[in-house]
Amino acid sequence: MVKSLFLILFSLTLLNLHSFAQTTPESVELAKKIPIADVHMHTYFKGGPSSAAFLEQMDKNNVRWGGAVGDYRADVADKLRDRYIPAIGQMEFMEVFFSRGASALTDEENSTFKRLYKNADELFANGKIKGFGELHTDNHSSGPPKMRRTIRTDNPAVRRMYSIADKYNGFIQIHSQQDENFTTDILKLAADFPNTITVLSHCLPASNPRDLANLFSQRKNIVCEMSATGSVHNKILGINRSARAFDDNGLRPAWRNLIESFPDQIMVGTDACCGWFNSYSDMVAEIRNNLLPYLSPELMEKIAYKNAVRIFKLKE
Ligand SMILES: [Zn+2]
């Protein structure tokens, strides 16, 4: 009842949004220099940049913190110290998928996962990691074909990660597409593990702000990050489609409304995955030019870094 009332109100607000948001000279200036927490910064082992390269790019772009997706790298942790948001599990998820197929991803008895659970418990306890991710549970129509799979997000293997994260007030970053199964699963997991924050990668590829509002209004411990919702990724991939949330025309009204309605549940990220690290500056630049200036100073701070500081317990 409360949920349907909320959705009606949310839809009415959407109808009322007649024009694109405007920037001000002050908001443009603030967006250029505000610190950013990049909560989708990949640090792969294989073919990944050096720890020094991450530090250099972060400093150059005034990205104060970065990480929250795999692979966990001790050399990056040493180099970035408090500025790293360490996450584990993506490498193991890939390893299981490529060696045993999608069905093995739900098996908590898998030896790779058993090792992961044991390591994760120790690393959480020692303060060396803060969460799990990025876990691809359903990417059936996005990303490289050989990476694609669809599994239920609420499954024994993932549930075990939630139970570990929950003991340490940790997070799980999940890359999934939006459908009814996913909605059921994520609402259940978020309710069963109230101390865990679920971060939805790319604010749920192929979903719209209404889908996100539906989840955010029901669970405060579900949040999302906006990497790859601008136009840079489409350009790199040669996809001739308008950006989901923001581009040279600015931030789409429906997304600005989502941010205004749920100011504590949205963050930013780059996702310079897949050999695209040389586009890192472009990805930060589109956040600074096409997304942040369309927000009030208070909202801009939350989206750029304050939500991340709270969620990942970062030092300011
Ligand atoms: Zn990613």
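The values are calculated or read from the model by the stated rules, or taken from the named source; none is laboratory data. Remember, it's a predicted structure, so these values are computed and weren't measured experimentally. Quick reminder, even Gly has a Cβ in these numbers, built from the backbone with ideal geometry, and neighbours come from all protein chains shown.
Here are some notes:
- Filter result for M300 (buried (at least 20 other Cβ atoms within 10 Å of the Cβ), within 16 Å of the ligand (Cβ to nearest atom) and not in a loop (DSSP other than H, G, I, E, B)): no
- Screening the candidates G67, G47 for the property of being at positive phi, in a loop (DSSP other than H, G, I, E, B) and either at pLDDT 95 or above or surrounded by fewer than 20 Cβ atoms within 10 Å (Cβ to Cβ) (or both) yields one hit, G47.
- Sole residue being in contact with a helix residue (DSSP H, G or I) (Cβ under 8 Å, 6 or more places away or on another chain), away from the ligand (no atom under 16 Å from the Cβ) and closer than 19 Å to S207 by Cα, chosen from T112, T137, T150: T150
- Pick from the range 115-132, criterion among the small types (G, A, S) and surrounded by 16 or more Cβ atoms within 10 Å (Cβ to Cβ), ranking: farthest from the chain's Cα centre (by Cα): A120
- Only one of the numbered conditions (1) at pLDDT 95 or above; (2) more than 11 Å from the chain's Cα centre (by Cα); (3) within 22 Å of H42 (Cβ to Cβ) is violated by A206, and that is (1).
- All of (1) over 22 Å from D271 (Cα atoms); (2) among the charged types (D, E, K, R); (3) modelled with pLDDT under 95 hold for D192 with one exception: (3).
- Look at (1) in contact with a Lys or Arg (Cβ under 9 Å, 6 or more places away or on another chain); (2) closer than 20 Å to H175 by Cα; (3) surrounded by fewer than 20 Cβ atoms within 10 Å (Cβ to Cβ) and you find that P209 fails only one, number (3).
- Cβ-Cβ distances below 8 Å connect no pair with a first residue in the range 94-111 that is at pLDDT 95 or above, a second residue that is surrounded by fewer than 10 Cβ atoms within 10 Å (Cβ to Cβ), and a separation of six or more residues or different chains.
- Qualifying residues in the range 133-158 (those that are under 17 Å from the mean Cα position of the chain (by Cα) and in a loop (DSSP other than H, G, I, E, B)) - the one surrounded by the most Cβ atoms within 10 Å (Cβ to Cβ): T153
- Subset of the range 51-64 (residues that are among the hydrophobic types (A, V, I, L, M, F, W, C) and either part of a helix (DSSP H, G or I) or over 16 Å from the mean Cα position of the chain (by Cα) (or both)): A52, A53, F54, L55, M58
- On inspection, V309 fails the criterion of being assigned to a helix (DSSP H, G or I), among the aliphatic types (A, V, I, L, M) and within 16 Å of the ligand (Cβ to nearest atom).
- Applying the criterion of being polar (S, T, N, Q) and surrounded by 23 or more Cβ atoms within 10 Å (Cβ to Cβ) to the residues of the range 213-246, the residue that is nearest to Q173 (Cα to Cα) is S227.
- Near pairs, Cβ below 7 angstrom, 6+ apart or cross-chain, from the range 224-237 (under 26 Å from S261 (Cα atoms)) to any residue that is among the basic types (K, R): T229/R244
For (1) assigned to a strand (DSSP E or B); (2) modelled with pLDDT of 55 or more, each residue gets a yes or a no:
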residue	(1), (2)
K3	no, yes
F6	no, yes
F10	no, yes
H18	no, no
E29	no, yes
K32	no, yes
D38	yes, yes
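- Criterion violated by L251 - all others in (1) away from the ligand (no atom under 16 Å from the Cβ); (2) in contact with a Gly (Cβ under 9 Å, 6 or more places away or on another chain); (3) farther than 26 Å from R81 by Cβ satisfied: (2)
- Remark: pairs (first residue in the range 31-49, free of Cβ contacts under 8 Å to residues at least 60 places away in the same chain; second residue within 13 Å of the ligand (Cβ to nearest atom) and in a strand (DSSP E or B); Cβ separation under 8 Å; 6+ apart in sequence or on different chains) = T43/G67.
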